[in-house]
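The next block holds one structure in the form of structure tokens; read it before the comments.
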Amino acid sequence: MLQKVVRSTVIDAPIERVWAVLRDFNSHDQWHTVVDESRIEGGERSDQVGCVRSFALKDGHRIREQLLTLDDREFKSTYCIVEATVPLQRYVATVTLKPVTDGNRTFWHWESSFATPPGMERELRDMVATGVYEAGFENLRRHLAQGADLLPRSAQPMPTALPVACRRAVQRAYGGPEALVAEHAEAPAPGPGEVRIRQRAIGVNYFDVYLRKGWIPGMLPLPGTPGMEAAGTVIDVGPGVSGLMPGDRVAYLGPVPGAYASVRCVPAEWAVRLPPQVDDDTAAALLLKGLTADMLLRDLGRVGPGTRLLLHAAAGGVGLLVAAWARRLGATVIGTTSSEAKARVAREHGCQHVIVTRDYRFANEVQRLCGGADVIVDGLGDAAGEQNLAALAPCGHWISLGQATGGLQPVDPDRLVQKSATFSRPVIFAYLSSPAQRLDRTQRLWAALADGSLHPPVIERYTLDAAADAHARLESRLSVGPLILVA
Ligand SMILES: NC(=O)c1ccc[n+]([C@@H]2O[C@H](COP(=O)([O-])OP(=O)(O)OC[C@H]3O[C@@H](n4cnc5c(N)ncnc54)[C@H](OP(=O)(O)O)[C@@H]3O)[C@@H](O)[C@H]2O)c1
């Protein structure tokens, strides 16, 4: 099926001036930031119908395009791709300008149709729409505002990317959910090694609550924007970035907050390209939590057939993923939740037993059910400390993952020695120290989704402007599964 992309904008310049740039089929390397170099083949003029331009993109791709029509009275041109290293097939595009009636402004309409290999429809549509057309509008606007089109070609500056308007959630004080306030902002051009991403979905993690409350002030100086992960489309890339290009659909997680925004620059090495079957919402909901589950089960818990796993907040974002995956690995999964309704969901996602408790008393029941836990996955912290020690089996491993109830008191090694137990306090980012490790874990996560080891949980969605509501919900203990912000 043919894909269609249509974009339009208004440029603050007279139509003759805009057309003078666009009718030159060889002008793109002067104003479009994705184009590295462009030349017309065979020494033909760049407004000669039938001429072929050959250009290289900054990411290394090469494209040859042929001018099919050029109409100076209608301000319209049509061109097609004759050969490309990008898999755009039967690509035909039309550029049309019209004068805006209220003054010296120009309406610019850009549309195309093309075919793609199966499964790449969305990725390539996003690439054309965002990386080529929307970025092109911004770039030409800047080119004209600088008067660069009035200079001789040899004197025209190389195009540089502009800041992009965005929306983000900011806090100016530590405190409750109301500390998060949405505002307009600008995302700067990507620096060396960075990609700028138009974020469609942003993961909400309990860690964001700790930051908002000011429990780790060194990580979120004020004013600050929380958020450790998001998914969306690359707008442009900074110097030195290879392997990602404008239009690529990506998700990322990283150890520096700032994800609660509609556009953000991040190091390219944080990002992973998304396969077609994983949409932006799913990626933002599952990436950080899923990689955490992978770290817990594979690296720390070494969970396998017969492992007795005690999992707190079993119906939470991390909890549902750990429950399902551990069950698939053959573990006996005992969850805790604060309500029967959550217990039902936890059972649907793999828990064989669920202990419903609001006051963190579970150790006797764990001992009765299975004789003690080999592994405890504990995001509760302070309120569950004593009970965790009591619930451990001999040689058990208590993984202290987080502290939703407050900071954990120091654990006395002599209490551990009584059961020859071990204790760990991992942070997922330390387990993603190389791009290869990140890719490896991510591929395992998508494979687990594809083969049914993980059931995609229901996602609770909030707008970016309602980030405070999402936090209030997470802290209320009423949320089930992952929460995301939609930008
Ligand atoms: N170390 C790491 O790298 C890492 C990575 C990801 C997540 N984490 C940690 O993993 C845990 C789960 O994270 P998540 O984002 O998936 O959150 P979540 O589990 O969806 O939400 C937190 C859950 O904690 C339980 N809880 C118990 N007492 C609570 C209290 N007093 N206030 C609020 N919640 C309470 C609630 O479940 P019930 O009502 O059913 O008890 C609540 O739903 C968090 O501790 C987080 O910090 C750590």
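It is to be established whether one or more residues within segment 409-430 are part of a strand (DSSP E or B) and within 16 Å of the ligand (Cβ to nearest atom).
Yes.
Inspect all residues belonging to segment 174-191 and state whether any of them is among the charged types (D, E, K, R), within 18 Å of residue 270 (Cβ to Cβ), away from the ligand (no atom under 16 Å from the Cβ) and not assigned by TED's automatic domain parsing to the domain that holds residue 132.
no
Hey, can you tell me all the residues within segment 102-142 that are over 28 Å from the mean Cα position of the chain (by Cα) and modelled with pLDDT under 90?
Result: 102, 103, 104.
Considering only segment 440-452, I want to know if a residue exists there that is over 21 Å from residue 293 (Cα atoms), touching an Asp or Glu at 6+ places or on another chain (Cβ under 7 Å) and hydrophobic (A, V, I, L, M, F, W, C).
No, segment 440-452 has no match at all.
Could you check segment 80-101 and list, in sequence order, the residues that are part of a strand (DSSP E or B) and within 30 Å of the chain's Cα centre (by Cα)?
84, 89, 91, 93
List the pairs whose first member sits in segment 458-480 and is without any contact (Cβ under 8 Å) to a residue 40 or more places away in the chain and within 19 Å of residue 225 (Cα to Cα), whose second member is hydroxyl-bearing (Ser, Thr, Tyr) and within 14 Å of the ligand (Cβ to nearest atom), and whose Cβ atoms are under 7 Å apart, counting only residues at least 6 apart or on separate chains?
473/479
Of the residues that make up segment 469-485, is at least one within 28 Å of residue 232 (Cβ to Cβ), of a type in the set (Gly, Ala, Ser) and away from the ligand (no atom under 16 Å from the Cβ)?
There is no residue in segment 469-485 that is within 28 Å of residue 232 (Cβ to Cβ), of a type in the set (Gly, Ala, Ser) and away from the ligand (no atom under 16 Å from the Cβ).
Give just the number: which of (1) surrounded by fewer than 20 Cβ atoms within 10 Å (Cβ to Cβ); (2) not in a strand (DSSP E or B) does residue 36 not satisfy?
With (1) surrounded by fewer than 20 Cβ atoms within 10 Å (Cβ to Cβ); (2) not in a strand (DSSP E or B) applied to residue 36, the lone miss is (2).
Within segment 332-364, which residues are part of a helix (DSSP H, G or I) and more than 19 Å from residue 322 (Cβ to Cβ)?
340, 341, 363, 364
Please go through (1) on the phi > 0 side of the Ramachandran plot; (2) in a loop (DSSP other than H, G, I, E, B) for residue 47 and return the number of the only condition it doesn't satisfy.
Among (1) on the phi > 0 side of the Ramachandran plot; (2) in a loop (DSSP other than H, G, I, E, B), the lone unmet condition for residue 47 is (1).
List the strands (runs of 3 or more DSSP E) inside segment 254-319, counting only whole elements, that have at least 2 residues being closer than 15 Å to residue 376 by Cα.
So the answer is 308-311.
With (1) more than 37 Å from the chain's Cα centre (by Cα); (2) within 10 Å of the ligand (Cβ to nearest atom) as the list, and residue 399 as the residue in question, which single condition is left unmet?
The failed condition is (1).
Going through 54, 77 one at a time, which residue ends up being modelled with pLDDT of 90 or more, closer than 21 Å to residue 144 by Cβ and of a type in the set (S, T, N, Q)?
77
I'm trying to understand the selection: among the residues of segment 282-332, which are within 16 Å of the ligand (Cβ to nearest atom) and of a type in the set (D, E, K, R)?
Residues satisfying the conditions are 289, 294, 298, 299.
Mind listing whichever residues of segment 304-329 are surrounded by fewer than 24 Cβ atoms within 10 Å (Cβ to Cβ) and either modelled with pLDDT under 95 or within 21 Å of residue 365 (Cα to Cα) (or both)?
If the condition is that a residue be surrounded by fewer than 24 Cβ atoms within 10 Å (Cβ to Cβ) and either modelled with pLDDT under 95 or within 21 Å of residue 365 (Cα to Cα) (or both), then 306, 307, 308, 327 are the ones that fit.
Taking the condition of being of a type outside the set (Gly, Ala, Ser) and assigned to a loop (DSSP other than H, G, I, E, B), how many residues in segment 57-76 meet it?
Going through segment 57-76 one residue at a time, the tally reaches 7.
Look at residue 259 and say whether it is within 16 Å of the ligand (Cβ to nearest atom) and over 30 Å from residue 375 (Cα atoms).
Judged against the criteria, residue 259 is a match.
What tally of residues in segment 209-235 results from selecting those that are away from the ligand (no atom under 14 Å from the Cβ) and assigned to a loop (DSSP other than H, G, I, E, B)?
8
Looking at (1) touching a Pro at 6+ places or on another chain (Cβ under 6 Å); (2) not in a loop (DSSP other than H, G, I, E, B), find the lone condition where residue 54 falls short.
Result: residue 54 fails condition (1) only.
Quickly run through segment 236-245 and pick out the residues that are closer than 13 Å to residue 194 by Cβ, outside any strand (DSSP E or B) and not small (Gly, Ala, Ser).
Selection gives 239, 241, 244.
For segment 168-193, how many residues are charged (D, E, K, R), touching a strand residue (DSSP E or B) at 6+ places or on another chain (Cβ under 8 Å) and modelled with pLDDT of 95 or more?
3
Whether any residue in segment 70-79 is surrounded by 14 or more Cβ atoms within 10 Å (Cβ to Cβ), under 33 Å from the mean Cα position of the chain (by Cα), in contact (Cβ under 8 Å) with a residue 60 or more places away in the chain and under 20 Å from residue 136 (Cα atoms) is what I want to check.
no
Would you pick out the residues in segment 21-42 that are closer than 17 Å to residue 137 by Cβ and among the hydrophobic types (A, V, I, L, M, F, W, C)?
21, 22, 31, 34, 35
The values are calculated or read from the model by the stated rules, or taken from the named source; none is laboratory data. Nothing here was measured: the structure is a model prediction, and the numbers come from that model. Glycine gets a Cβ as well: all are built from the backbone with ideal geometry, and neighbour counts include every protein chain shown.
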